[in-house]
């Protein structure tokens, strides 16, 4: 290879790396917005701020636009650069992660809509303790999932897969408490149902954070661990695999 | 190009087309299984057949395995064949569709689990009319979505996008009826909640069928219509675009 073509191919490869970095940067920007949407939706509920709730519903459009833009960029990179091996896995992981972030955005929007209904109905705050606890857990999961993606940190990612089980347990227990409230007082049925939809949305957000973590393992190790029982995931064995 | 290399490239291209056809065939096989899962889950509920319900939960593993296999095949095709234009769109559409089919499978499994709880609790059949109506609508949507994918039929696909709105209306109205049952009789709260989760799962299946339809439009026309208001979709304008 002569020097000029060597410089040319280095140039191409630098551009390509830059494009891959940009995909990641755009995904992280989308992740930041989605994190804020979840936080604002929960704040709207807990502080009775319906204006904030309506803003979350409004902002969901921006989340959707970001996903379409990221998908188009990924398709462009696939068509023009025809990446293979770990570069291909990165592009596919960004496409998948964008889809989960978009769904987290949808769930935040559902939480906000239910919060607005609850606020307008001027109901009490029974069940808020449960929402606060699970929402803090789930928000930490989303943040950690994004951090593990940004740093390609499989150890943090695998920690998350186990944490999702805890959220599921907290969710089941919260649902049982809420059902008791309903049975005690028929007038609470409608507001408690809204809280149940909110808890359900939070639980789904935990599932999506879990998916994000699985893509990090796929991306770094080339292993597809979706649908694997967390009990069967040996963190050490996976982290030794390179 | 001399004759031998011409024959060689025709050979490659025939193999490539065959691989793309296989992706589609495998996706359709997965679709067939998922359709059956939805149908069996609803039958389990309506006919009180808890053995069938448990079988649906058990079969979800097969759905998951199919998705992982299809994803691996798509990744292989991307890495080895480096498709562009409509071939690339087909591979990406298969990846996305596989993800939605897997989620439909999850929802079928949730329906089956809730059906088993209801059957074991030996509850009445209030709310079954609503479930039957919506499930028939949603199952037709899944079937049509798969048909539109198999035939690259954008007209059928666009019809579905409008139908999803109807399902959402039916769902809202069914939820209101179920809430009335709860308020009338506190003892019905627990079984009616199970029915609400079932309706919710059916509504989600309608959303996923809608997503499948959107991928068909993307695949055939190269247009990303996700997050576009159905009112803004002019079927004629889209079908003229080639």
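The values are calculated or read from the model by the stated rules, or taken from the named source; none is laboratory data. Here the structure is a predicted model, which means the values were calculated and not measured. Glycine also receives a Cβ, built like all others from the backbone with ideal geometry; neighbour counts cover every protein chain displayed.
Annotations for the structure displayed:
- Selection from the stretch B:139-148 of residues that are more than 9 Å from the chain's Cα centre (by Cα) and surrounded by 24 or more Cβ atoms within 10 Å (Cβ to Cβ): B:148
- Selection status of residue A:31, modelled with pLDDT of 95 or more, away from chain B (no Cβ under 14 Å) and under 30 Å from residue B:77 (Cα atoms): yes
- Qualifying residue in the stretch A:70-86 (condition: surrounded by fewer than 18 Cβ atoms within 10 Å (Cβ to Cβ), assigned to a helix (DSSP H, G or I), more than 10 Å from chain B (Cβ to nearest Cβ) and in contact (Cβ under 8 Å) with a residue 24 or more places away in the chain): yes
- Output for the stretch A:117-129, where each listed residue is part of a helix (DSSP H, G or I) and within 14 Å of chain B (Cβ to nearest Cβ): A:117
- Selection of the stretch B:34-51 for residues being under 23 Å from residue A:227 (Cα atoms) and free of Cβ contacts under 8 Å to residues at least 60 places away in the same chain yields only B:36.
- From the options A:161, A:142, residue that is over 29 Å from residue B:191 (Cβ atoms), at pLDDT 95 or above and away from every other protein chain (no Cβ under 14 Å): A:142
- Every residue from the stretch A:87-100 that is under 16 Å from the mean Cα position of the chain (by Cα), more than 8 Å from chain B (Cβ to nearest Cβ) and more than 19 Å from residue A:41 (Cα to Cα): A:93, A:94, A:97, A:98
- Selection count where residues are more than 23 Å from residue B:72 (Cα to Cα) and away from chain B (no Cβ under 13 Å), scope the stretch A:101-116: 6
- Residues in the stretch A:189-224 that are more than 10 Å from chain B (Cβ to nearest Cβ) and at pLDDT below 90: A:221, A:223.
- With respect to the stated conditions, residue B:95 is more than 21 Å from residue B:206 (Cβ to Cβ) and either surrounded by 20 or more Cβ atoms within 10 Å (Cβ to Cβ) or touching a helix residue (DSSP H, G or I) at 6+ places or on another chain (Cβ under 6 Å) (or both).
- Condition check for residue B:59: assigned to a helix (DSSP H, G or I) and either in contact (Cβ under 8 Å) with a residue 60 or more places away in the chain or more than 14 Å from every other protein chain (Cβ to nearest Cβ) (or both): no
- Of all the residues in the stretch A:165-188, those that are surrounded by 18 or more Cβ atoms within 10 Å (Cβ to Cβ) and either in contact with a strand residue (DSSP E or B) (Cβ under 8 Å, 6 or more places away or on another chain) or more than 14 Å from chain B (Cβ to nearest Cβ) (or both) number 2.
- Residues of the stretch A:17-56 that are surrounded by 14 or more Cβ atoms within 10 Å (Cβ to Cβ) and outside any helix (DSSP H, G or I): A:48, A:49.
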